[in-house]
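Taking it in order: structure first as structure tokens, then the write-up.
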Amino acid sequence: KESGLGAGPYLHLFQDFWCPTNSVEGVNKFQKHFDAKDNDVFVASFPKSGTTWLKALTFAIVNHQQFSSFDNHPLLSSNPHELVPFPEFMYSHDLHDQILSLSNKSEPRLLSTHLPFPSLPQSITKSNCKIIYICRNPFDTFVSVWEFFNKIKPVSSPEFIFEEAFEKYCNGIMGFGPWWSHMLGYWKESITRRNKVLFLKYEDLKEDTVFHVKRIAEFLDSPITQGGESNTVIEHIIKLCRFEKMKDLEVNKSGCILNGVEKKNFFRKGEIGDWINYFSPSMIEKLSKIIEEKLGGSGLSFKVHS
Ligand code: A3P
């Protein structure tokens, strides 16, 4: 048991990852009871890596025929976490009605998870359902995590001190961490099971959104990439999901998602390279070394500046 950056005050080392203590029971139930369907689509991520954005894009791609009007789109009136929920948090909060509603969700079901690949319910890994994974350079991820958890912590809890949280992060102690094993787990699966796991990086998605949206659509066998209108639809989707647009929507400015987190906290700066404003030279050196040590030789690397 450790304190660290995560939802709730403590983290528990559980099945080789740091699970927020208040989620252990929910994760157990999710693993035991969740029944994946072959046409389910999962958005998987390490926290603060661009989950909200990927949820929005995936929702818009999958439903582009049903919601072809971009003036009256569900993403204008619902937060992406409401449209693409995390079953593990539903089980953690024992939300009976929502858990039941999962089985009746319209198909294909769009769902999400922060669990590391080896801890996914077996029905997910064994079925033909697809997983789109997103991660982000470890520098920006840390800053985003630190900012986020300081905002959502109960007022009565002490602030997470940047240097202390950084030490823990470097030791892998963060909700759903270590970050390196989280990334590598999905990275390896994406190489061996190309039809099962699509591996994305926040920086790539930011730099060439059109290209990666097309990759997502092709991975999901979406007809969106065919036909003369294809580029226009893709442009509309990207515009709808842009950081500035989403941050400015009334629905994302107030209220909370199921686990009580205020929606506005999912939209901060949305940039590559903001970490430079936070890190000391020794921190840069330390994290760079860890990245080399943990990811070197895997073929996985990150851009850290825009
Ligand atoms: P910053 O804190 O660096 O701004 P997650 O969705 O996994 O919780 O990740 C949150 C990070 O993604 C935050 O990064 C947030 O601002 C950014 N983000 C949210 N929506 C986005 C969007 N539509 N486009 C780009 N980045 C977005």
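The values are calculated or read from the model by the stated rules, or taken from the named source; none is laboratory data. Bear in mind the structure is a predicted one, so any value in this text is a computation, not a measurement. Positions of Cβ are generated from backbone atoms using ideal geometry, with glycine treated the same way; all protein chains shown enter the neighbour counts. Accessible surface areas use protein heavy atoms only, side chains included; no ligands, DNA or RNA. Shrake-Rupley method; radii C 1.70, N 1.55, O 1.52, S 1.80 Å.
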Gap in Å between the Cα centre of segment 212-232 and the Cα centre of segment 1-35?
36
With N set to the number of residues, divide the alpha-carbon radius of gyration of segment 1-157 by 2.2 N^0.38 Å and report two decimals.
1.07
Just add up the charged neighbours of Lys151: K/R +1, D/E -1, any other residue whose Cβ is under 10 Å from the Cβ of Lys151.
+1
Normalised radius of gyration for segment 222-271, please: alpha carbon Rg relative to 2.2 N^0.38 Å, two decimal places.
1.51
Sorted on mean Cβ neighbours within 10 Å (highest first), peptides 66-75, 90-99 come out as 90-99, 66-75
Using Cα pairs under 8 angstrom and six or more residues apart, how large is the relative contact order of segment 169-265, in percent?
11
Nearest 10, in degrees from 0 to 90: the angle of helix 138-152 to the longest Cα principal axis of the chain is 90
For Asp204, Asp35, Asp140, write out the residues from largest to smallest accessible area, computed with a 1.4 angstrom probe and no ligands counted.
Asp35, Asp204, Asp140
Ranking Glu250, Glu88 from most to least accessible area with a 1.4 Å probe gives Glu250, Glu88
Through the Karplus equation 6.51 cos²θ - 1.76 cosθ + 1.60, θ set to phi - 60°, convert the phi angles of segment 257-273 into ³J(HN,Hα) values in whole Hz; use x for Gly and Pro.
8, 3, 8, x, 7, 5, 4, 4, 6, 7, 10, 10, 10, x, 10, 9, x
Filter on Lys206/Lys247; Lys29/Lys105; Lys29/Lys126; Lys1/Lys130; Lys32/Lys55 - keep pairs with C-alpha separation over 21 Å
Lys1/Lys130; Lys32/Lys55
Listed residues Trp146, Trp179 arranged by accessible area, highest first, probe 1.4 Å
Trp146, Trp179
So what is log10(I(q)/I(0)) for segment 186-271 at q = 0.11, 0.20 1/Å, when the Debye sum runs over its Cα atoms only?
-0.43, -1.05
Rounded to the nearest 10, the angle in degrees between the Cα long axis of helix 24-33 and the longest principal axis of the Cα atoms of the chain comes to 30
Could you state the principal axis extents of the C-alpha atoms in the chain, from the largest down, to the nearest angstrom?
53, 43, 42
As I understand it, the dipole of the chain uses +1 on the Cβ of Lys and Arg and -1 on the Cβ of Asp and Glu, about the Cα centre. Which of Tyr202, Phe162, Cys256 lies farthest toward its positive end?
Tyr202
Segment 48-103-segment 144-210 distance, computed between alpha-carbon centres (Å):
20
If you take every DSSP beta bridge fully contained in the chain, what fraction is antiparallel? Give it as a percent rounded to 5.
30
Just add up the charged neighbours of Gly255: K/R +1, D/E -1, any other residue whose Cβ is under 10 Å from the Cβ of Gly255.
0
Rounding to the nearest 10 and keeping the result within 0 to 90°, find how far the Cα-based axis of helix 230-240 lies from the longest principal axis of the chain.
40
I want to verify the translational diffusion coefficient of segment 87-188 in µm²/s; compute it with Stokes-Einstein, Rh as the Kirkwood radius over Cα pairs, at 25 °C and 0.890 mPa s.
153
